[in-house]
Amino acid sequence: MTTLSDDQLDFFQQNGYLILQNLFSPEEVAGLQKEADYLLELMLNSSLMHDRLSGRLDWRRTSQGVQMVRKIQPINDLSLAFTRAIEDERIVQPLRQIMGDEPVLMEEKLNGKQPLPEDVEGLPIRQLDDAFPVHNDWAYYAAQNYPQTVVSSALLLDDCTTENGSLRIWPGSHKRHLEHERMDNGLQVLPHLIDHDAGVDMIAPAGSFMIFHVLTVHNSRANVSGRPRRLMIYSHCPESAGMPVDIRNGPARLREAPFEREYMRAVQNGDFQDVFTAPTYS
């Protein structure tokens, strides 16, 4: 179990974020990376078999012509390893301390920024870069009347660097909500409301855990490294808020599961042979 000190709790209250370095061991991270490869293969091969892009999969072609897997959402119903990770007390206890309540999982996603060295043909793909606008998460939740007590977090599956698109956070920006506008690739804080030079890159090794307030302004740069920058992104709300478990992801699980089960059955029966294999990176 990881217990936050008073200094760490004070830092979060003042800055709206906290990084816990090396929370998971290299061996644990390697296991989760392998699981991420399995999920990517499942998404793309199932999509190819059905000639239909999975509703869990967000991928795009960047202006540099690279196919980039942005995210897979949701995933816990497909992976016992990722389910166990989010239930690990090393993650749950810090969230419990920050909230002062039992954390309830609202949504989870594998945020990849993962370039594919070779194109996958036959599926629709959007033309959109992988850099993400400056925003806070509550801008997306406000329409559903989610509370401003939501806490976001990220478990790093790869080292986060400026080259591979690390998160960038504006310390102290969580103290009030800033107005947003809609852009092609998401919501963005109105440019005149923040100092764009005040963002801090969240550089940390794989296995680290980041926690940030739902109002904390953040973004991510484009991944120009040629390697993935995979994060498990979570959103929790305090139990006292009365929000249903899995409120954000439930419909997608129900909609996509029949396609995935049919794909698995076809592979097991020898009726379909996988086309895509997760790439390795030197």
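The values are calculated or read from the model by the stated rules, or taken from the named source; none is laboratory data. Computed from a predicted model, the values in this text were never measured in an experiment. Heads up, the Cβs are rebuilt from the backbone with ideal geometry, glycines too, and the neighbour counts pull from every protein chain shown.
Numbers for the structure displayed
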{"read-out": "Residue in the stretch 45-63 that is over 22 Å from PHE276 (Cα atoms), in contact (Cβ under 8 Å) with a residue 60 or more places away in the chain and either out of contact with any Ser or Thr (no Cβ under 7 Å at 6 or more places or on another chain) or not hydrophobic (A, V, I, L, M, F, W, C) (or both) present", "value": "yes"}
{"read-out": "Number of positions in the stretch 77-87 that are under 30 Å from LEU9 (Cβ atoms) and in contact (Cβ under 8 Å) with a residue 40 or more places away in the chain", "value": "4"}
{"read-out": "Among (1) crowded, with 17+ Cβ neighbours inside 10 Å; (2) within 16 Å of the chain's Cα centre (by Cα); (3) closer than 25 Å to VAL29 by Cα; (4) not hydrophobic (A, V, I, L, M, F, W, C) - the single one THR83 does not satisfy", "value": "(1)"}
{"read-out": "Residue in the stretch 132-149 that is touching a strand residue (DSSP E or B) at 6+ places or on another chain (Cβ under 8 Å) and under 27 Å from LYS34 (Cα atoms) present", "value": "yes"}
{"read-out": "Residues located in the stretch 28-81, provided they are polar (S, T, N, Q), within 25 Å of ARG221 (Cβ to Cβ) and in a helix (DSSP H, G or I)", "value": "GLN33"}
{"read-out": "Residue satisfying all of: in the stretch 24-41; among the aliphatic types (A, V, I, L, M) and within 17 Å of the chain's Cα centre (by Cα); farthest from ARG84 (Cα to Cα) among these", "value": "LEU40"}
{"read-out": "Residue under evaluation ASP119, criteria (1) out of contact with any strand residue (DSSP E or B) (no Cβ under 7 Å at 6 or more places or on another chain); (2) of a type in the set (Asp, Glu); (3) in a loop (DSSP other than H, G, I, E, B), criterion not met", "value": "(1)"}
{"read-out": "Residue selected from the stretch 147-186 under the condition more than 20 Å from MET210 (Cβ to Cβ) and surrounded by 13 or more Cβ atoms within 10 Å (Cβ to Cβ), by the criterion modelled with the lowest pLDDT", "value": "ASN185"}
{"read-out": "Residue tally, condition in a helix (DSSP H, G or I) and crowded, with 16+ Cβ neighbours inside 10 Å, over the stretch 1-27", "value": "4"}
{"read-out": "VAL92 being of a type in the set (A, V, I, L, M), in contact with a helix residue (DSSP H, G or I) (Cβ under 9 Å, 6 or more places away or on another chain) and surrounded by fewer than 21 Cβ atoms within 10 Å (Cβ to Cβ)", "value": "yes"}
{"read-out": "Spans of strands (runs of 3 or more DSSP E) in the stretch 140-241 with at least 3 residues under 26 Å from GLN93 (Cα atoms) and among the aliphatic types (A, V, I, L, M)", "value": "151-156, 231-238"}
{"read-out": "Meets criteria (part of a helix (DSSP H, G or I) and more than 30 Å from GLN13 (Cα to Cα)) for LEU95", "value": "no"}
{"read-out": "LEU44, sole failed condition from (1) hydrophobic (A, V, I, L, M, F, W, C); (2) closer than 20 Å to ALA154 by Cα; (3) buried (at least 16 other Cβ atoms within 10 Å of the Cβ); (4) within 21 Å of the chain's Cα centre (by Cα)", "value": "(2)"}
{"read-out": "Residues (surrounded by 20 or more Cβ atoms within 10 Å (Cβ to Cβ) and of a type in the set (S, T, N, Q)) located in the stretch 225-253", "value": "SER235, ASN249"}
{"read-out": "The listed residue being of a type in the set (Asp, Glu), under 17 Å from the mean Cα position of the chain (by Cα) and surrounded by fewer than 20 Cβ atoms within 10 Å (Cβ to Cβ), out of ASP119, ASP137, ASP129", "value": "ASP129"}
{"read-out": "Filter result for GLN73 (over 30 Å from HIS177 (Cα atoms) and not aliphatic (A, V, I, L, M))", "value": "no"}
